[in-house]
Amino acid sequence: MDDLSSLESLFVFDGDKARLLEDGPTTVAALQELSLVSIHRGDCSRTVSRMEVALARYLKAESSAPAILQLISVVYANLGQLLLAQGNADKATIHAAEAIPRQRELGYS
């Protein structure tokens with residue numbers, strides 16, 4: 001089993017939806033990174049699904065660790081870029097509108 005298969009074994013994939021088998025920040029971060037693997041494989045729907053699950057988990061834990069705030073802003077920005085590339089400007093705008101103020105709060109310009 002390669003490293004990617006080992007990582008994917010932490011998740012249950014039901015069609016395009018992912019469910020975490022373990023619920024910790026490291027697992028959520030792994031799912032976020034798996035979404036980037038999916039985009040490089042050309043699987044946009046799986047990429048969006050994985051990012052959305054990661055974002056939901058990060059938002060649930062938003063107040064538990066300062067580092068999560070940066071991860072949330074990154075996922076919002078990545079989703080915005082991906083959805084824009086897919087031609088979904090309306091959803092892309094919603095995610096960008098969330099990412100921009102969050103990134104400014106963190107000191108990014």
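Does the stretch 94-109 hold any residues that are of a type in the set (Gly, Ala, Ser), out of contact with any helix residue (DSSP H, G or I) (no Cβ under 6 Å at 6 or more places or on another chain) and assigned to a helix (DSSP H, G or I), and which are they?
Matches in the stretch 94-109: 97 only.
Between a first residue in the stretch 67-83 that is farther than 16 Å from residue 37 by Cα and a second residue that is among the acidic types (Asp, Glu) and not in a helix (DSSP H, G or I), which pairs have beta carbons less than 6 Å apart while being 6 or more apart in sequence or on different chains?
Hits for this filter: 68/62.
Could you grab me the full set of residues in the stretch 64-109 that are among the polar types (S, T, N, Q) and more than 14 Å from the chain's Cα centre (by Cα)?
64, 86, 88, 93, 103, 109
What is the residue count in the stretch 51-70 for residues that are outside any helix (DSSP H, G or I) and of a type in the set (Gly, Ala, Ser)?
The number of residues fulfilling the criteria is 4.
If we scan the stretch 80-93, do we find a residue that is surrounded by 15 or more Cβ atoms within 10 Å (Cβ to Cβ) and either outside any helix (DSSP H, G or I) or at pLDDT below 90 (or both)?
Scanning the stretch 80-93 turns up at least one residue that is surrounded by 15 or more Cβ atoms within 10 Å (Cβ to Cβ) and either outside any helix (DSSP H, G or I) or at pLDDT below 90 (or both).
The values are calculated or read from the model by the stated rules, or taken from the named source; none is laboratory data. None of the values given here were measured: they were computed from a predicted structure. We place every Cβ from the backbone using ideal geometry, glycine too, and count neighbours over all the protein chains shown.
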